[in-house]
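Data block below; observations after.
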Amino acid sequence: MYDCQNDSCRDFAYDAGHTAPTQSTLKGTLAASAAHTDHLATLEQLSQFAHQRGYPLRRQEHLLELADVTLPDALVINARFGSALVISCDLRCHPPARFA
C-alpha cells in the first residue's frame, strides 16, 4: 500500500478471522473542482450523477464535495469526469486494516 503522506510503500495485514466482505467497504469523500470556467457544465453533470446515486453533496462556487462515495463509483467518476475536473478522493475502510 502506498502511503502518500510519508512517500513510502508498506505492507499491511488483515485479520483473517473476519469474514471478507463481498463488496468493497471503502467509502469516503470525493472533491471535484473545475479548473476553468469552461468546465462548470461538467461539474453540474457530476452533481446530477451524484444526485441520481443518492450521494449527499455540498456545492460551492467551483467545488463539489460528495460524501460516502464507494470505490466503484469513485473510479467511474474519475473515468467519466476526470478529463475536465480536478478530482481528489479520500476513501477508508471501517474498521481500518492494521499495518504490519
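Observations
- The value given for the stretch 34-93 is a Kirkwood hydrodynamic radius of 11.7 Å, derived from the mean inverse Cα-Cα separation.
- Sorting 73-79, 55-61 by average packing, meaning the other beta carbons within 10 Å per residue, from highest down gives 73-79, 55-61.
- Were the residues from Arg59 through Val76 laid out at 0.36 nm apart, the gain over their Cα-Cα distance would be 4.1 nm.
All of the numbers you see were taken from the coordinates with simple rules; none came from a lab. Because the structure is a prediction, the values reported are computed rather than measured. Note: ideal-geometry Cβ built from the backbone for every residue, glycine included; neighbour counts use all protein chains shown.
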